[in-house]
Amino acid sequence: MDFRTIVPIKKHENPIDYNSELLLMGSCFAENIGDKFEYFKFKNAVNPFGIIFNPVSIMKLVERVVEKNYYKDSDVFFHNDLWSCFEVHSELSNPKKDDLLKQLNDLIESTHQQISNGTHFQITYGTSWVYRYKTSNEIVANCHKVPQKEFEKELLSTENIQNSIQKTIQLVHEINPKCQFIFTVSPVRHIKDGFVENQQSKAHLLTALHKVISQYSSTSYFPSYEIMMDELRDYRFYAEDMLHPNQVAIDYIWVKFFENFVSEAVFKTMQDICDIQKALHHKPFNPDSESHQKFLNNLESKISKIKEKLPFINFKK
């Protein structure tokens, strides 16, 4: 007897392999999956503008990148001894305005190249709740600790979300019509908005996403939220805050992802890379022993074989 329900997942028709070029954007869960791609040495870029939670802000960034609408003085502001931009995460804030603008505009260039060449664009939406800056009447990606009285909090309608997702797809396809989209909803619960409000937020995302996916053959959906809610419905799969998936849950969801969205033809290579990664972190009892020298020679041989097949891969020792 099976004591849990398993979320069915359809295998992707254009799976990811080591020739693929991936761009991942969205919530912190996008970074969890990005870390896995990095560990297995796929060609990927994750959240170049930092963690972004809502569909409107992601769309605005994609629009700026695709159109190469470079940042200027009016797009940044000074607060708490730092120059910041409401469109990007606070990790990019800088004490020097010119340095911030240069960094942001360099990111526009590099991300434009990534979108142009990308085979797969994975977007993880976190919430439908947004903050609108009263002065500009614009939805922000990050409030940068500006006083809350300066913002209006609102829940995006399903129509607004749907329009944002559709525009994101259309913008990318303007410069890369073959790009495949993989959408998912973050399994992280945004309880700071309220328990009922979090469920309402996720429902709006899911409703809008599935309306869009039904219209575009280049899109697919990975049910990370559903896996967390149904297969892993136990607090032992949560971190100490009881809101974020713990490492066990992240690993489980990753396995579900790569089994269905990564080409089976590269599973053996992934295992070889995993073996190398584990060996690189091995700490010997006696570094000068003959057995350890054999171990190192064997490791170098494995790395050489991987690099012969995939020259772009680099291992950190």
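The values are calculated or read from the model by the stated rules, or taken from the named source; none is laboratory data. Every value quoted in this text rests on a predicted model; they were computed, and no experiment measured them. Every residue, glycine as well, gets a Cβ built from its backbone with ideal geometry; the counts of neighbours run over all protein chains shown.
For the reader, a short list of remarks on this structure follows.
- ILE123 vs. criteria aliphatic (A, V, I, L, M) and in a strand (DSSP E or B): yes
- Criterion (closer than 30 Å to PHE42 by Cβ, at pLDDT 95 or above, surrounded by fewer than 20 Cβ atoms within 10 Å (Cβ to Cβ) and among the hydroxyl-bearing types (Ser, Thr, Tyr)) met by exactly one of THR111, THR119, THR124, THR135: THR119
- Failed item, numbered, when SER157 is tested on (1) over 20 Å from THR127 (Cβ atoms); (2) in contact (Cβ under 8 Å) with a residue 40 or more places away in the chain: (1)
- Looking across the range 15-46, the residues that are closer than 24 Å to ILE213 by Cα, in contact with a helix residue (DSSP H, G or I) (Cβ under 9 Å, 6 or more places away or on another chain) and not in a helix (DSSP H, G or I) come down to PRO15, ILE16, ASP17, GLU21, LEU22, LEU23, LEU24, MET25, GLY26, ASN44, ALA45, VAL46.
- The range 207-225, residues that are surrounded by 20 or more Cβ atoms within 10 Å (Cβ to Cβ) and assigned to a helix (DSSP H, G or I): ALA208, LEU209, VAL212, SER224, TYR225
- GLN170 being outside any loop (DSSP other than H, G, I, E, B) and at negative phi: yes
- With respect to (1) out of contact with any Cys (no Cβ under 9 Å at 6 or more places or on another chain); (2) without any contact (Cβ under 8 Å) to a residue 40 or more places away in the chain; (3) part of a helix (DSSP H, G or I), the lone exception for LEU100 is condition (1).
- If the condition is being more than 26 Å from the chain's Cα centre (by Cα) and surrounded by 14 or more Cβ atoms within 10 Å (Cβ to Cβ), then the range 264-284 contributes only ALA279.
- Exactly one residue out of LEU171, LEU209, LEU232, LEU205 is without any contact (Cβ under 8 Å) to a residue 60 or more places away in the chain and among the aliphatic types (A, V, I, L, M): that is LEU232.
- Single condition PRO287 does not satisfy, out of (1) outside any helix (DSSP H, G or I); (2) without any contact (Cβ under 8 Å) to a residue 12 or more places away in the chain; (3) under 21 Å from the mean Cα position of the chain (by Cα): (3)
- ASP193 vs. criteria among the charged types (D, E, K, R), exposed (fewer than 14 other Cβ atoms within 10 Å of the Cβ) and farther than 30 Å from ASN176 by Cα: no
- Criterion violated by MET229 - all others in (1) crowded, with 20+ Cβ neighbours inside 10 Å; (2) within 24 Å of SER157 (Cβ to Cβ) satisfied: (1)
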